[in-house]
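Some notes on the structure that comes next.
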Amino acid sequence: MCGIIGYIGQREAAPLLIEGLRRLEYRGYDSAGICVISDAGKFGIVREVGKIARLSEKLIKHPVKGTSGVGHTRWSTHGAPNHDNAHPHTDCTGGIVLVHNGIIENYLELKAQLLAKGHRFQSDTDTEVVAHLFEEQLFKVKKAQSSDAAILAVARAVLSKVKGSYALVVSANVWDGKIIGLRKECPLVAGKTQDEVFLASDIPALLPFTKEVVFIEDGEAVILKPGAHAPLYKLTGQAVRRDAVTVPWDNLMAAKGGHKHFMHKEIYDGPASFEDTLRGRIYDENIDALLRELGLNRSKVKGLGSINILGCGTAYYAGLVGEYIFEHFAGLRTHVEIASEFRYRERITGPGTLALAISQSGETADTLAAMKLLKARSGVTTAGIINQIGSTMTRTTGGTLYTRCGPEIGVASTKAFVAQLATLYLSAFAFGRVRGVLSAVEYKSLCDGLVHLSSSMRMALQRFEPLAKDLAARFQNAKGFLYLGRHVMYPVALEGALKLKEISYIHAEGYASGEMKHGPIALIDEQMPVFAFVPKSSSVYAKTASNLEEARARGAKIIAVASEGDKGIYKVADHVFESPKSMTEWFDPVIGVIAAQLFAYHVANLKGLDVDQPRNLAKSVTVE
Ligand code: M6R
């Protein structure tokens, strides 16, 4: 995810901006840039593809002098990772400079309007339209004003045209050296010392300079000014008073957002990853853009005969959820396979096959090899659901629908799984709409449901955390665990078992609960707890509940991930995670997996294990 830093003070800005950006490297990026504002108000922009070290080298050859400026690390979403797409961006006059984190959803429409008015664009980014919108707005006034009220009025007018999310940091050469920070749905934090003011997308960027920070809220603006002033306003112009808080973090803690482990932070990043992945790709007006990302179009989707999903580990389990939803919502025969198995057997693919790779890293050797095999077959179109921008897989597949969760550092995949589910829902619903399986009304209502899911995820995190901790203490010495689920919750049972195994080293098996009596029930006794997913909305609720009774009758302790208000579940379960009600059973995996992730995390943490780097595992499995 992109990183931002802004500075006004008395020291040379360039080294400070670079240091701030270095502290944001953990977020992942593919290019970086800074703009230093000279004492005469001139903008000196230097950008570079790749690592910050390369930008620093470039700055040695092309130094930029001044005591204020902005900096940015870019994680590409719109446009390739190249020099022109790197931030900061400017307008046609070069009088405006800005950096952005987030997504401008209506940028194509805005760009068309701006081009028609004669604006010239330098990049393929969504961000650049905002620079030109500022230019438009500044030209509208006879003489550009630099009072806070005038700057806010310009920002208000610009943002009224923009749909999407942003942390924006903007300066104009007619603003007497002021820099404005604006926030909607993307983090922005201001910092202050006696004679300097800062802005950043994240606390780590500020820690080398100050621990006194003010969090900017949605719909607010902060104006950095020479003389160490940083007044805070509502975008409407009303002043806001908020005291600075002292951050008690060291640098590593800051990178973890105050969480003890990256895995815990990343579980909590899940709702934002889910939202980011939906942004600008949902509802009728975005179907074509979504298909384009996948390298498809409406007629290709209509002509599809089947889907082959390939992945490993967690990505494979996300694919299994995809199998249920593509068949149901898009009416397409879907087959999911572990990539390492697919490679070594004959699988018949007919014309009109979509081969869909799922991978967080985009580097998993087996998935890559399987995709190469499929790509070589006639009649097969390839696409990827991938997180890592520019990874090998993105260059192998015909199109890539990126999951937008930023770097996942914990070896156990968590936020990537929920973002993968988001892309699968988006694609299955869009395919269903294009193929006439879903009516406009059905499609819209499913999209509404997806949009509301992130708030249920946040609620689930709050509710589940204390119980997960308590249960971890009770069950940390269990000899093994059986994870059960049916229908779309079956893959979640597999994923839950994988999470527990890989970080707590407790053996766990994931099973379709209907299969229990065909073998695994022999394992059950007082020492073998059962972790079951039994949402009330499920079409097989009663069947799963009766499977649990069978396990309980044999002495197993039952932990159930059930639905709020389901009193009946207490008759068969000893401990219950009460999930927020979901609109449809199809969305239950997104909530259910949170309970499993938190439980596994707390068991491993209590056992004092290396949660983020479990033994024998690597984050990216680039060997067969
Ligand atoms: O990078 P990928 O998504 O292709 O990785 C696939 C698996 O290696 C990965 O999901 C692995 O199973 C994780 N450790 C699961 O938490």
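Every read-out reported here was derived from the displayed coordinates using simple, explicitly stated rules and does not represent laboratory data. If you're wondering where the values come from, they're calculated on a predicted model, not measured in any experiment. Heads up, the Cβs are rebuilt from the backbone with ideal geometry, glycines too, and the neighbour counts pull from every protein chain shown.
Built from the Cα atoms of the stretch 246-298, the convex hull projects on average onto 5.7 nm², one quarter of its surface area.
For the stretch 521-573, what value does the Rg/Rh ratio take when both radii are computed over Cα atoms and Rh is the Kirkwood radius, given to two decimals?
On the way: Rg = 10.7 Å, Rh = 11.1 Å.
Over the Cα atoms of the stretch 521-573, Rg/Rh equals 0.96.
The share of Cα pairs per 10 Å bin across the stretch 138-256, counted from zero up to the longest distance, runs 14, 44, 31, 10, 1 percent. Can you bin every Cα-Cα distance in the chain into 10 Å intervals starting at zero and give me the percent of pairs per bin, rounded to whole numbers? For the chain, the binned pair fractions read 3, 16, 25, 24, 18, 10, 3, 0, 0 percent. Among the GluC sites (Glu not before Pro) in the stretch 494-555, those placed in a DSSP loop whose Cβ has at most 12 other Cβ atoms within 10 Å are 526.
Here the Karplus relation 6.51 cos²θ - 1.76 cosθ + 1.60, evaluated at θ = phi - 60°, turns the backbone of the stretch 274-287 into coupling constants of 4, 4, 4, 5, 7, 3, x, 10, 10, 6, 3, 5, 10, 4 Hz, with x for every Gly and Pro. In the structure shown, the pairs 65/192; 234/260; 184/225; 51/265; 163/469 are assessed against 30 Å; a Cα-Cα span above that value is assigned to 234/260; 163/469.
First obtain the Kirkwood hydrodynamic radius of the stretch 110-175 from its Cα pairs, then insert it into the Stokes-Einstein equation at 25 °C and 0.890 mPa s, and state the resulting D in µm² per second as a whole number. Estimated via Stokes-Einstein, D reaches 195 µm²/s. Restricting the calculation to Cα atoms, the stretch 492-624 yields a radius of gyration followed by a Dmax of 15.5, 49 Å. The ellipsoid equivalent to the alpha-carbon distribution of the stretch 1-60 has semi-axes of 20, 13, 10 angstrom, derived from the gyration tensor eigenvalues as √(5λ) and listed largest first. DSSP loop (so not H, G, I, E, B), at most 13 other Cβ within 10 Å: list which chymotrypsin sites (Phe, Trp or Tyr not before Pro) in the stretch 89-188 pass both filters. Sites meeting the loop and neighbour criteria: none at all.
Measuring spread by the Cα atoms of the stretch 234-334 yields a radius of gyration and Dmax of 21.0, 60 Å. With just the Cα atoms defining each centre, how far is the stretch 1-42 from the stretch 360-436? Give it in Å. For the stretch 1-42 versus the stretch 360-436, the Cα centre distance is 32 Å.
Once Rg and the Kirkwood radius are both taken over the C-alpha atoms of the stretch 407-493, their ratio Rg/Rh works out to 1.07. Structural size metrics of the stretch 367-460, computed from C-alpha coordinates, are Rg and Dmax of 15.8, 47 Å.
Could you tell me what percent of the DSSP beta bridges with both partners in the chain are antiparallel, to the nearest 5? Please list the in-between numbers first.
Values: 59 of 100 bridges.
Around 60 percent of the beta bridges assigned by DSSP in the chain are antiparallel ones.
For the chain, the dipole from Cβ point charges (+1 on Lys and Arg, -1 on Asp and Glu) about the Cα centre works out to 600 debye, to the nearest 20. Ordering of 319-330, 80-91 by packing is 319-330, 80-91, highest average first (other Cβ atoms within 10 Å, averaged per residue).
Across the alpha-carbon set of the stretch 191-244, the Rg to Rh ratio works out to 0.95, Rh being the Kirkwood radius.
Eigen-decomposition of the gyration tensor built on the alpha-carbon atoms of the stretch 63-133 gives equivalent ellipsoid semi-axes of 21, 15, 10 angstrom, largest listed first.
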